[in-house]
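Step one of this worksheet: look at the structure below.
The values are calculated or read from the model by the stated rules, or taken from the named source; none is laboratory data. Note that the coordinates shown come from a computational prediction; the quantities given were computed from them, not determined experimentally. We place every Cβ from the backbone using ideal geometry, glycine too, and count neighbours over all the protein chains shown. Only protein heavy atoms, including side chains, enter the accessible area calculation; ligands, DNA and RNA are left aside. Shrake-Rupley method; radii C 1.70, N 1.55, O 1.52, S 1.80 Å.
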Amino acid sequence: VGPVLPRPSAVDARGQGSPPCRCSVGAPGSSATTIGATAANDAISQTSGGANGFRACEVQLPAPFQASLPLQFPNRSTSRKRIPSIVHFVFGFKGDSPPFSFVNFAAVASALAVLRPESVMVHCLHEPAGFFWELIRPHITVVQARDVPEVFGHSVSSYAHKADVVRLEALLQYGGIYMDTDVVTLRPFDDLLKGSVVMGREGKDTSKVAPGLCNAVILAEPNATFIRKWYQAYKTFNKRKWNHHSVVLPRKMAKDNPKLITEMNYTTFHWPLWDAKGLKLMLSSFDYKYEHNLAVHMWASTLMGRASKYKDFGLHWCFECRSTLLSMLRAYVPDPLISIVLVCDGASVEQVRETIESVKAQMLPAWELVVVGNTTGLCSVAARNASEERVRVVASGGSLSAGAARNLGVGAARGPWICALDVGETLDSKYFLSAVQALSKDPRLEVISGDMKLPDGSMVHAPDILVPHGGLVTRSPLPSATLFLRSVWEGVGGYTDMLPLGGENWDFWHKLQSVVSRYNRLPDPIAYQPHGAAADGQQNQELETLRQAMLCSRHLDLYPVAAVLSCHRRLMDMPPATEEGLSAYLQ
């Protein structure tokens, strides 16, 4: 299956004393490397997860890949067989900018990692959106798919039926391996590439039920006779018969043309099934070991359906050892998912320590800490107080403005999500976990925030939606601990280094308001301000007036004319020294 790549210990990742997810990791048929445990390969134990609530488990798993960022996949295979080493996915027939979920990401990433194909083609009517798509897009080829309003004169209205037609057309033209974007690859398909067409049964053969051949996984040589006959059979297409042409018909054709296709056992691709028992095996049990699976179909439409008890499934489930499959999927959680950027110049050792401790206490362990500073002592504190594999120190090399220092840290970060934390502030331990839960519901989010609790118990409230304020603000519009996509930071040009202390945050959030379309405000506080910290609006009056005038000048679209004029009238009454500072800014 590939090299054995053990996960970092969860104790190291969180810096906590609670048990890690102890998974015995190794390729099928090979000796396993046990992480954090010394139990027998097939033994399973579940214990209390301590303060963070994670349970421990021990189970034999195939681990062909680790989604460390930046993503790096194995070298592509160059072997030549009857079925070409080309993987096809079809996506984006369900509306504009459809969300690309963690399951979709794991499906494409596992195909790249395990199958090592010459190419991966994602045939899209509408290109997906979201940070998972941004991570995987550089590694695949996007093919503009055609819409399918009709097939052989028969109306096609369902997005699923449109995708059924497109996958057959892709296999006729290119050949290769088609998979749905909820099929996770576990083992190579090499032994299957010698045939003409290969499909797997959708369930067990019984005296009462003859399962169909599921079209979620199809292997075919270019212009294969079976695929051509199947495509021609759409001349009898009836959209009221939901799975007739996708599942029932190919099984009937296979019985009539056994030499044109190889039928695989139900365990090869499509077991467990989509029913209650099957979903429980996938997400709530260690009873099924996937010993014969080359892939696993996760049945996302049923799994995430409104009536499903698993409808809240998301990547955060992979950090709890609920099942064999979830333990395997943890390898596909991008790591680090969140990069915390901490500028420590001018702070006390105690402030740095408190902030780092709050990072280490996060219930979601897929983070890294990027510490920026030129004070050797403070950087040493950071290195000593966080796991070495989770912390990196970036020397600023001299005196930098707050905005320039933040840009340096974000530029060095590897995670797709950024938390630019002010030193001395502490994070709520559930913050990152809550943010990932929100991401699971909407992978297209660009900014995630929440309230900050002040020492007196009051709150700095994050807005419910990001809209222009319509008036002069007296506080930063979002708490500094707000999460944002690195791509958004790049899109707005990062933080400015022209404004007085604190102004770089205000300016950055104002810039976000003009470009961000997907924002989520979490219901619980995300961070706490330390005792003795001064609120933004209570700094030196001259500095405050200068900062507000600069913000008005830089963001005229966010302030009414009356507010801009008020700022500049106040600025005219200020001493010459401050006016010189403004002149330097305007130049």
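As a ratio to 2.2 N^0.38 Å, the alpha-carbon radius of gyration computed for the range 320-374 takes the value 1.50.
Peptides 314-325, 436-447 ranked from most to least packed, by the mean per-residue count of other Cβ atoms within 10 Å: 314-325, 436-447. Give me the percent of Cα-Cα pairs in the range 212-322 that sit more than 15 Å apart, rounded to a whole number. Cα-Cα pairs in the range 212-322 separated by more than 15 Å: 71 percent.
The C-alpha atoms of the range 72-195 occupy a region whose extents along the principal axes are 40, 35, 20 Å, arranged from largest to smallest.
Might you tell me the accessible area per residue for the range 237-278, computed with a 1.4 Å probe and given in Å²?
Working: 2470 Å² over 42 residues.
Solvent-accessible surface per residue comes out at 59 Å².
Taking K and R as +1 and D and E as -1, what net charge do the other residues with C-beta under 12 Å from the C-beta of PHE189 add up to?
Working: positive: LYS81, ARG116, ARG187, LYS194; negative: ASP190, ASP191.
Net charge around PHE189: +2.
So, by mean Cβ neighbours within 10 angstrom, what's the order for 428-434, 306-312, 67-73 with the highest one leading? Before the final figure, lay out the partial values.
On the way: 428-434: 21.3, 306-312: 11.3, 67-73: 15.0.
By packing density, highest mean first, the sequence is 428-434, 67-73, 306-312.
Taken over the C-alpha atoms, the range 139-204 has Rg and Dmax values of 14.3, 40 angstrom. Other residues whose C-beta falls under 11 angstrom from the C-beta of ALA413 contribute a net charge of +3, scoring Lys and Arg +1 and Asp and Glu -1.
Which entries of LYS94/LYS241; LYS194/LYS259; LYS194/LYS229 have Cα-Cα distances beyond 18 Å here?
Working: LYS94/LYS241 20 Å; LYS194/LYS259 13 Å; LYS194/LYS229 20 Å.
In this structure, LYS94/LYS241; LYS194/LYS229 exceed 18 Å between Cα atoms.
Computed from the C-alpha gyration tensor, the three semi-axes of the ellipsoid equivalent to the range 89-132 are 20, 12, 7 Å, from longest to shortest. Volume of the convex hull of the range 210-275 (Cα atoms only), normalised per residue: 102 Å³.
Note on LYS162: accessible area is roughly 20 Å² with a 1.4 Å probe, heavy atoms of protein only.
Over 29 Å between Cα atoms, which of LYS239/LYS289; LYS280/LYS453; LYS162/LYS252; LYS311/LYS430 qualify? Flagged as over cut-off: LYS239/LYS289; LYS280/LYS453.
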